[in-house]
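Below you'll find the structure, written out as structure tokens, and then a few comments.
The values are calculated or read from the model by the stated rules, or taken from the named source; none is laboratory data. Given the structure is predicted, the values throughout are model-derived calculations rather than measurements. Using ideal geometry, Cβ is built from the backbone for each residue, glycine included, and neighbour counts are taken over all protein chains shown.
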Amino acid sequence: MIALTSATGKLGSAVLNAIIDNRLIDPKELVVCTSSNTSDSRFNALRDQNIAIRYNNFDEPESLERAFAGCTKLFLVSTPRIEMDYNDAPLWKGREAHHRAAIDAAVKVGVRHIYYTSLAFGNPSKAAVMRAHLRTEKYLSELAEQGKADYTIIREGLYNESWPLYFGYFYGLKDDTRREVIVAGDGPVSWTAIADMGFATAKIVADSSEKWKGKTFYLSQSKTWTLEDVARMVSRERREDVLLKVVPRKELEDFYVNEKQMPRPAVEWWSTTYDALKDAECDIKDTTLETILREAGREPKSLDVTIKEMLS
């Protein structure tokens, strides 16, 4: 049996849907773990397919043990509680604390293989968003060396659908009137659609443990686009010029704190992402995703198609 966390989130639901739609794993072997009420009607369709729904909460270790009991694999999606990472959180105070709680619970109840969704930045990375991921990756490696559990690190690409987050820190799809968007750096990014990553990830977790154990790899398409490219695509869809302006990080941080009234810890945490973009950390050359898609007769979805869909 395999336990899947965050199965109602963007990536988690894409993985679950790909497993079900492509009949990759017998539904009776699936355990969907959620922090929501397990009796909620939105889970009825899963229950009708004999998929188990179990409650888990990263802040409740015993709930994690109950959720993972009887499973041999765990698909662990990183926690979205990014505020835990603010202010240069020391080790085991950032999001990796939640990840460790899940990993320790899994090991305790006999899970033998943990698949962890990391992020497609470098190692080391200048992006603060990567810090908790790298700490979690290191912990999994240490456990494997001790013979406690096997692991697979899947560094999921930057979502096509997340471009508004990088393009001026939450570019508004319907009501944004900015004709100039400021960022603190630019560089090539291997943007990748959630559905493509979900399908490839589903194929990996459904495969034999032996094939992927101990491996760390990226799931990103090889074609890249910069934020300058995004500006041109947005301008085309808006039918008006939307320009990109690159400014120093401190200027960007002060703008969002003073002009947009955003909390400084959040802005300072996020602004480091642009240092990583400038260093081309997100220019991914791993062909794993494209190979999996090609074998299934699929091609990666282009960023311009996603932007057109989101702005139409």
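A few remarks follow.
- Members of region 34-88 that are of a type in the set (S, T, N, Q) and under 23 Å from Trp212 (Cβ atoms): Thr72, Ser78, Thr79
- The set of residues from region 211-231 being assigned to a helix (DSSP H, G or I) and either on the phi > 0 side of the Ramachandran plot or crowded, with 16+ Cβ neighbours inside 10 Å (or both) comprises Trp212, Leu227, Asp229, Val230, Ala231.
- Test for Arg100: is it closer than 19 Å to Leu16 by Cα, of a type in the set (Lys, Arg) and without any contact (Cβ under 8 Å) to a residue 60 or more places away in the chain: no
- Selected residue (criterion: nearest to Thr136 (Cα to Cα)) from residues of region 68-85 that are aliphatic (A, V, I, L, M) and without any contact (Cβ under 8 Å) to a residue 60 or more places away in the chain: Met84
- Where strands (runs of 3 or more DSSP E) fall wholly inside region 101-203, the ranges with 3 or more residues that are over 22 Å from Asn57 (Cα atoms) are 150-156, 180-183.
- Within region 77-99, if we keep just the residues that are over 23 Å from Ser271 (Cβ atoms) and crowded, with 19+ Cβ neighbours inside 10 Å, the residue that is nearest to the chain's Cα centre (by Cα) turns out to be Val77.
- In the set Ala101, Ala105, Ala128, only one residue is modelled with pLDDT of 95 or more and under 28 Å from Ala193 (Cα atoms); that residue is Ala128.
- Of the residues in region 47-67, at least one is at positive phi, touching a Pro at 6+ places or on another chain (Cβ under 9 Å) and surrounded by fewer than 16 Cβ atoms within 10 Å (Cβ to Cβ).
- With respect to the stated conditions, Arg264 fails to be modelled with pLDDT of 95 or more, among the charged types (D, E, K, R) and crowded, with 16+ Cβ neighbours inside 10 Å.
- Residue within region 13-28 that is modelled with pLDDT under 95, within 20 Å of the chain's Cα centre (by Cα) and on the phi < 0 side of the Ramachandran plot present: no
- Residues located in region 34-65, provided they are part of a helix (DSSP H, G or I) and touching a helix residue (DSSP H, G or I) at 6+ places or on another chain (Cβ under 9 Å): Leu46, Pro61, Glu62, Ser63, Leu64, Glu65
- Enumeration of residues in region 202-234 that are hydroxyl-bearing (Ser, Thr, Tyr), more than 25 Å from Lys308 (Cβ to Cβ) and in contact with an Asp or Glu (Cβ under 9 Å, 6 or more places away or on another chain): Ser209, Thr216, Tyr218
- Those residues of region 109-119 which are touching an Asp or Glu at 6+ places or on another chain (Cβ under 6 Å) and either hydrophobic (A, V, I, L, M, F, W, C) or more than 23 Å from Lys211 (Cβ to Cβ) (or both), in sequence order: Val109
Yes/no per residue for (1) surrounded by fewer than 20 Cβ atoms within 10 Å (Cβ to Cβ); (2) under 23 Å from Ser125 (Cβ atoms); (3) of a type in the set (Lys, Arg):
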{"position": "Glu251", "(1), (2), (3)": "yes, yes, no"}
{"position": "Asp254", "(1), (2), (3)": "yes, no, no"}
{"position": "Val257", "(1), (2), (3)": "yes, no, no"}
{"position": "Tyr274", "(1), (2), (3)": "no, yes, no"}
{"position": "Asp286", "(1), (2), (3)": "yes, yes, no"}
{"position": "Glu295", "(1), (2), (3)": "yes, no, no"}
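- Boolean, Ile284 is out of contact with any His (no Cβ under 6 Å at 6 or more places or on another chain), in contact (Cβ under 8 Å) with a residue 24 or more places away in the chain, under 21 Å from Phe217 (Cβ atoms) and not in a helix (DSSP H, G or I): yes
- Selection of region 8-33 for residues being in a loop (DSSP other than H, G, I, E, B) and touching a residue at least 40 places away in the same chain (Cβ under 8 Å) yields Gly9, Asn22, Leu24, Ile25.
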